[in-house]
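Down below is the structure, laid out as structure tokens.
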């Protein structure tokens, strides 16, 4: 069981259905378009010498290139390793040294950051995205144009093959690379579609960065698995995104509390037409009850909460429509193991620093040393 054929299979089912609107360029892509691009990037990477197990990183704002790499690298068994562009060059330098990507894709906004870290990064090949002025770099779109849009040969893959590496914030030390296997990507799609009630009729905006689990896995991959439509924003603008939600008839909308506060404060919020929206869902941080109440006082919407964890989800908990009106906490997704092995809490202090080259954090946690991650309330 692997996830390398997720986009391939969907493109065969609904090749001409619109899959993605890239908001910044107003380009629209069908499922066949997206899969052809993913195949091109896979074949481009093979030409650069990328093999199964090699890491490829991107340092750029949201664009269709993230989807190219996320789906394309999986086809050849390579590992998608996006970088958090909010970090400093020194912080990024540690991560790049840890995961050792063989190819780095750099967007125009991060040329100076890359220049600062390039000398010690040890990356053999740099690819320029959207005209980024990087000396000696290959051009991303030229590389895609020269590569074949046909499916590349698949290496031997199974459910435990690494699909991507997402680095945690490192609040208790250095950032750690969470190695997400193919089975986790596939089952997150299935669990989210089933538990959240998603379908091919849903439309969802992605307003959060695609270097983050929320951007990649809350709606993007599950909804493309189901045959729905994604609106991809390069960044967040409250007024622009409010207009987009109404114009594109979005049905399922993820945000963090800060985004919901910015929407609430935006001109025209009270008059916005959310008639197409099935539900809004908040994650990433505790959601203040007064914020929910302020929303509902102006807009009669379903406002769910969810919780995810990069290493073991990513989507772990959510709410039904009915629960969203009476509960402040969320319920486990169908099929998700949410109550994990309880061990001596003192063992947490003995856990070694984890990195990609050592056993992954997830394997160590599931292997033995795991404390209780939460508790069950009286309403479940």
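FYI, it's all coordinate maths here, none of it is from the lab. From a predicted model like this one, the values you see are computed outputs, not experimental measurements. Neighbour counts run over all protein chains shown; Cβ positions are idealised from the backbone, glycine included.
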What is the distance in Å between the Cα centres of region 233-305 and region 55-81? 29 Å
Based on the alpha-carbon gyration tensor of region 1-49, what equivalent-ellipsoid semi-axes (square roots of 5 times the eigenvalues) come out, in whole Å, largest first? 20, 16, 8
Test of understanding: extend the Cα→C-beta vector of residue 174 to 7 Å, then name every residue of region 77-107 with backbone N under 13 Å from that spot. 91-100
Let me see the P(r) profile for region 6-180: every Cα-Cα distance counted, bins of 5 Å, each bin given as a percent of all pairs. 2, 9, 17, 21, 21, 16, 10, 4, 1, 0
Sorted largest first, extent of region 1-107 alpha carbons per principal axis (Å): 44, 32, 25
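Only bridges whose two residues both fall in region 6-180 count here: according to DSSP, what percent of them are antiparallel, nearest 5?
Working: 8 of 23 bridges.
Antiparallel bridges: around 35 percent, rounded to the nearest 5.
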For region 1-51 and region 190-216, compute the distance between their C-alpha centroids and round to whole Å. 17 Å
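For a protection proxy built on the mean count of beta-carbon atoms within 10 angstrom, sort 68-77, 296-305 highest first, please. Could you put the intermediate results ahead of the total?
Details: 68-77: 25.6, 296-305: 16.0.
Listed from highest to lowest mean packing, they are 68-77, 296-305.
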Rg ratio (alpha-carbon, reference 2.2 N^0.38 Å) - the chain: 0.97
Please compute the modelled spin-label separation between residue 151 and residue 199, points set 7 Å along Cα→Cβ, answer in nm with one decimal. 2.9 nm
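Could you work out the Rg to Rh ratio of region 184-332, with Rh taken as the Kirkwood radius (inverse of the mean 1/r over all Cα pairs)?
Values: Rg = 14.1 Å, Rh = 15.3 Å.
Rg divided by Rh gives 0.92.
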Listed highest first by mean packing, meaning other Cβ atoms within 10 Å per residue, what order do 7-18, 313-324 come in? 313-324, 7-18
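In the chain, what percentage of the DSSP-assigned beta bridges are antiparallel, given to the nearest 5? Numbers along the way, then the final one.
Numbers: 13 of 42 bridges.
Given both bridge residues lie in the chain, the antiparallel proportion sits at roughly 30 percent.
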In percent, how large is the relative contact order of the chain, given Cα pairs closer than 8 Å and 6 or more residues apart? 15 percent
Give the peptides 25-33, 226-234 in descending order of average Cβ contacts within 10 Å, highest first. 226-234, 25-33
Does region 82-200 classify as rounded, prolate or oblate by the C-alpha gyration tensor (a ≥ b ≥ c root eigenvalues; a/c under 1.5 gives rounded; else a/b over b/c gives prolate, otherwise oblate)? oblate
